[in-house]
Structure formats: C-alpha cells, structure tokens
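Contents: one structure, followed by commentary.
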Amino acid sequence: MWKFLKVFFGLGTMTDAILLKNETSRGIEEVASRVSDLCAKFGFSLMTSYSYHEIVASKGFPIERQVFVYKICQAKVASQMLVAHPDFSVFMPCSLSVYEESGKTVVATMDMGLLLSAIRKDPDLYSSASNLFESLKKLMAELAQ
C-alpha cells in the first residue's frame, strides 16, 4: 500500500507501485541463461519464453535493448486459483521479464501483493498463492545475484 501512497504524493511512478524489480550488473545473456534452471529449482514450470526485442524487430520496429519474457507457472496453485477465481486468469501465468536498462540488467514481475489481498478470505488459496509469490521473489533474487 505504501507504494501507492508514494505515487499519490508524487514520489514514485505507477510502474514502481505495480512492479517488483531486482537489478544486477550481470550481463543479460548470463541472467537469461539461468532462468530455466532456477524455475525448476523453485518449483515453477517454464511454459514459454520469447525474445521480445526480436519479435518487434521482425515487425519493423527494432529497439536498442534486449527484452526476454518468460511465462512461468506452478500448476497446483494455478488450478486452485482457476477453480476459485477464474477472473484471475488475466494475470496468469506469472510473467517474468529480463531486460536492459541504464547499463544494468533488470529482473521484473508484477507485484502480486495487492492481488493476494483479494483472496485473503480463502485461507488455503491465500497460503498457496503467497508461497508461490515468495518462491518467485527468491527466484528473482537468485537471478540477480
């Protein structure tokens, strides 16, 4: 909630409020090469990945930075969420991005904290989804090490 207060008072941007980011001085190729193994380590399935910079370049819009996007999932939590809250499908699967910005490599995802508060009345699902989010944060931290 404090992130949104910072935006309200002009001390941050909306993307600061809705994203979780880790920066590293490691090269983007090195970070990207570790995603698959770390997904497995933290219990995520890597459903798909794409090189966004290559996709937009192939459509005639080249960009100067590399941007990799990974769609990852923990099937058990996904099935629980889809049974209880199919409207959450618009946020699924989890997206993890690795991109270059200001000479650093950034690992980013959506901050699920606000979404988790919407399912707090379902203790089992809330616990499962909270554990997933903690695992995702650990995965991101290790990618940035």
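The set of residues in segment 64-87 that are of a type outside the set (A, V, I, L, M) and either modelled with pLDDT under 95 or over 15 Å from the mean Cα position of the chain (by Cα) (or both) comprises Glu64, Arg65, Gln66, Lys76, Ser79, Gln80, His85, Pro86, Asp87. Determine if segment 56-63 includes at least one residue that is more than 26 Å from Thr24 (Cα to Cα), assigned to a loop (DSSP other than H, G, I, E, B), more than 16 Å from the chain's Cα centre (by Cα) and of a type outside the set (Phe, Trp, Tyr). Yes; the residues of segment 56-63 include at least one that is more than 26 Å from Thr24 (Cα to Cα), assigned to a loop (DSSP other than H, G, I, E, B), more than 16 Å from the chain's Cα centre (by Cα) and of a type outside the set (Phe, Trp, Tyr).
For segment 1-40, the set of residues classified as surrounded by 14 or more Cβ atoms within 10 Å (Cβ to Cβ), assigned to a helix (DSSP H, G or I), of a type outside the set (Lys, Arg) and at pLDDT 70 or above consists of Asp16, Ala17, Ile18, Ile28, Val31, Ala32, Val35, Ser36, Leu38, Cys39, listed by residue number.
One line per residue, one yes/no per condition, for (1) surrounded by fewer than 16 Cβ atoms within 10 Å (Cβ to Cβ); (2) within 19 Å of Lys41 (Cβ to Cβ); (3) in contact with a Ser or Thr (Cβ under 6 Å, 6 or more places away or on another chain):
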residue: His85; (1), (2), (3): no, no, no
residue: Pro93; (1), (2), (3): no, yes, no
residue: Leu96; (1), (2), (3): no, yes, yes
residue: Ala108; (1), (2), (3): no, no, yes
residue: Asn131; (1), (2), (3): yes, yes, no
residue: Glu142; (1), (2), (3): yes, yes, no
residue: Gln145; (1), (2), (3): yes, yes, no
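The one condition from (1) farther than 25 Å from Lys138 by Cβ; (2) at pLDDT below 95; (3) not basic (Lys, Arg) that Gly60 does not meet is (2).
Quick one: is Leu114 in contact with a helix residue (DSSP H, G or I) (Cβ under 6 Å, 6 or more places away or on another chain), in a helix (DSSP H, G or I), among the aliphatic types (A, V, I, L, M) and surrounded by 13 or more Cβ atoms within 10 Å (Cβ to Cβ)? No.
Scanning segment 66-100 for residues that are in contact with a helix residue (DSSP H, G or I) (Cβ under 8 Å, 6 or more places away or on another chain) and charged (D, E, K, R) turns up Lys76, Glu100. Looking only at segment 57-64, decide whether some residue is buried (at least 17 other Cβ atoms within 10 Å of the Cβ) and hydrophobic (A, V, I, L, M, F, W, C). No, segment 57-64 contains no residue that is buried (at least 17 other Cβ atoms within 10 Å of the Cβ) and hydrophobic (A, V, I, L, M, F, W, C). Restricting segment 46-99 to residues that are without any contact (Cβ under 8 Å) to a residue 12 or more places away in the chain and of a type in the set (A, V, I, L, M), the residue that is farthest from Ser117 (Cα to Cα) is Ala57.
The values are calculated or read from the model by the stated rules, or taken from the named source; none is laboratory data. Model, not experiment: these values are computed from the prediction. So basically every Cβ, Gly included, is an ideal-geometry build from the backbone, and we count neighbours across all protein chains shown.
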